1. Just wondering, is there one or more residues in the stretch 164-172 that are in contact with a strand residue (DSSP E or B) (Cβ under 8 Å, 6 or more places away or on another chain) and either under 27 Å from residue 487 (Cα atoms) or not assigned by TED's automatic domain parsing to the domain that holds residue 215 (or both)?
2. Could you tell me which residue of the stretch 312-331 is surrounded by the most Cβ atoms within 10 Å (Cβ to Cβ), considering only residues that are in contact with a strand residue (DSSP E or B) (Cβ under 8 Å, 6 or more places away or on another chain) and assigned to a helix (DSSP H, G or I)?
3. Cβ-Cβ under 7 Å, sequence separation 6+ or interchain: first residue in the stretch 32-52 and on the phi > 0 side of the Ramachandran plot, partner assigned to a helix (DSSP H, G or I). Which pairs?
4. So for the stretch 141-151 (the condition being modelled with pLDDT of 95 or more and in contact with a helix residue (DSSP H, G or I) (Cβ under 9 Å, 6 or more places away or on another chain)), does at least one residue qualify?
5. If you scan the stretch 270-292, which residues turn out to be buried (at least 17 other Cβ atoms within 10 Å of the Cβ) and either over 29 Å from the mean Cα position of the chain (by Cα) or part of a loop (DSSP other than H, G, I, E, B) (or both)?
6. Can you work out which of the residues in the stretch 41-58 that are in contact with a strand residue (DSSP E or B) (Cβ under 7 Å, 6 or more places away or on another chain) and crowded, with 16+ Cβ neighbours inside 10 Å is farthest from residue 147 (Cα to Cα)?
7. Considering only residues of the stretch 4-29 that are closer than 24 Å to residue 83 by Cβ and surrounded by 11 or more Cβ atoms within 10 Å (Cβ to Cβ), which is modelled with the lowest pLDDT?
8. So residue 399 ticks every box in (1) touching a helix residue (DSSP H, G or I) at 6+ places or on another chain (Cβ under 8 Å); (2) in a helix (DSSP H, G or I) but one. Which box is left unticked?
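The values are calculated or read from the model by the stated rules, or taken from the named source; none is laboratory data. Small disclaimer: the values here were computed from a predicted structure and weren't measured. Glycine gets a Cβ as well: all are built from the backbone with ideal geometry, and neighbour counts include every protein chain shown.
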């Protein structure tokens, strides 16, 4: 999210998972420690890093298996069922791992598995296996939970009762903007894992995609939080847009590529622009979308241009498109919907996991609020920030925990800044001199943790470290390393240390540890992220 003032203080933002993370294991699980030592001795040159949350390996890298016949998915499944103890699993839990996703990046075919226990998904727990072109396992990143203990089953409450509990908790003013979805999962607590109803409630008021975890035995709200992330044809129609924002760049005529025939509406291969206040923009007879900035349809052109630009940027980094986990993209061939003029004088922008779409308010500054924002759709880095949230969710839906949410924000700030080659975000939407005329700045010297657990505040530490890396090694290398570290996250509740260790893993595997010393100095010494 770009900002979250509207619902961040709602009591439904419990985020009790943070207490589970803070009480993480400090020593490796004994069986994983013993088995991993034997395994590493058998695999010359292999290495691993421990996950302090689970007490099992967070990643293992090297030539981890011999060439095997079959598909990458079959090779991955065979490796996990043959070596479960290395990752802290028993044989029965290894058999319950289920394939949920796969993608190719950097010459490896990655296969993601969901952890299940006694037929129920373990929320946020899984493992990612990378297989090379010789069908050898080369990399494993893990967020598996070992030694799962579940309370004995009693007579459960009904799903209807669980929905009533969640709706009551959100308050009398609750207004829905979609249907409530549910599944039954095992959720981590300090006492072990609890069987819960997992409800997702897309609400207009209080605005959010509210995730509820309600104990099936007694109706207790185990946890809850807001998962909403605020903040080609040869012929192409044309439009006037701001290449960056109205403050830094003048209006320019650009081609709007990939608009679908008959080229009359802003509905294209990569983006569909939606206007909450008016029917869709119509092109003129010469296929031009020429609207002045004060016209309601101008923002449709602006976000279409920005999404198209950001989409291509990520495709060049190896992004697969919104094809698997994004609800809207999966149903629309990878397209992303961008909504403008949301609400009335709404001072925010956000990505909604429940719809898979991004949204932009007009701000209230132009309506006389001196502390309000200006039109958020008119700034490319705002669009890039929300787009990055959607990219992360395409590979890692439901990333949670205060550090997981902070990484969501930090990655989104970094890529928005890197795309525009400008570390300051929100130069236009925040009218000077308010907040010095920006929302956040990636070019900072903030140390970890050094801030409340509020995701945007803590995320500036990650974005700042990534920007420092970019300054030292250049955009091409930094974008590759940082995008790769984001892509191969193997847990739904990553910490800054975990993400930093994956950055080192990307460097080790693809760059021969050429940037190891630089990464460790910036992230560990200068920023204080744990070794």
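1. Step one: filter the stretch 164-172 for residues in contact with a strand residue (DSSP E or B) (Cβ under 8 Å, 6 or more places away or on another chain), giving 165-167, 169-170.
Then keep just the ones that are either under 27 Å from residue 487 (Cα atoms) or not assigned by TED's automatic domain parsing to the domain that holds residue 215 (or both); that gives none.
No: the stretch 164-172 contains no residue that is in contact with a strand residue (DSSP E or B) (Cβ under 8 Å, 6 or more places away or on another chain) and either under 27 Å from residue 487 (Cα atoms) or not assigned by TED's automatic domain parsing to the domain that holds residue 215 (or both).
2. Taking the stretch 312-331 and keeping what is in contact with a strand residue (DSSP E or B) (Cβ under 8 Å, 6 or more places away or on another chain), we get 318, 320-326, 328-330.
Filter once more, keeping what is assigned to a helix (DSSP H, G or I): 328-330.
On the way: 328: 18, 329: 21, 330: 15.
Among residues in the stretch 312-331 that are in contact with a strand residue (DSSP E or B) (Cβ under 8 Å, 6 or more places away or on another chain) and assigned to a helix (DSSP H, G or I), the one surrounded by the most Cβ atoms within 10 Å (Cβ to Cβ) is 329.
3. From the stretch 32-52, no pairs qualify.
4. Looking only at the stretch 141-151, we keep the residues that are modelled with pLDDT of 95 or more, and these are 141.
Filter once more, so that each one left must be in contact with a helix residue (DSSP H, G or I) (Cβ under 9 Å, 6 or more places away or on another chain): 141.
Yes, some residue in the stretch 141-151 is modelled with pLDDT of 95 or more and in contact with a helix residue (DSSP H, G or I) (Cβ under 9 Å, 6 or more places away or on another chain).
5. We begin by selecting, within the stretch 270-292, every residue buried (at least 17 other Cβ atoms within 10 Å of the Cβ); these are 270-275, 281, 283, 289, 291.
Matches in the stretch 270-292: 270, 281, 283, 289, 291.
6. Of all residues in the stretch 41-58, those in contact with a strand residue (DSSP E or B) (Cβ under 7 Å, 6 or more places away or on another chain) come to 46-51, 56-58.
Keeping just the survivors that are crowded, with 16+ Cβ neighbours inside 10 Å gives 46, 48-51, 56-58.
Working: 46: 25, 48: 20, 49: 20, 50: 16, 51: 15, 56: 11, 57: 14, 58: 16 Å.
Checked the stretch 41-58; the qualifying residue farthest from residue 147 (Cα to Cα) is 46.
7. The initial filter retains those residues of the stretch 4-29 that are closer than 24 Å to residue 83 by Cβ, namely 24-25, 27-29.
Next cut, surrounded by 11 or more Cβ atoms within 10 Å (Cβ to Cβ) only: 24-25, 28-29.
Values: 24: 52, 25: 56, 28: 68, 29: 78.
Step by step, filter the stretch 4-29, then rank; the result is 24.
8. Tallying (1) touching a helix residue (DSSP H, G or I) at 6+ places or on another chain (Cβ under 8 Å); (2) in a helix (DSSP H, G or I), residue 399 fails exactly one: (2).
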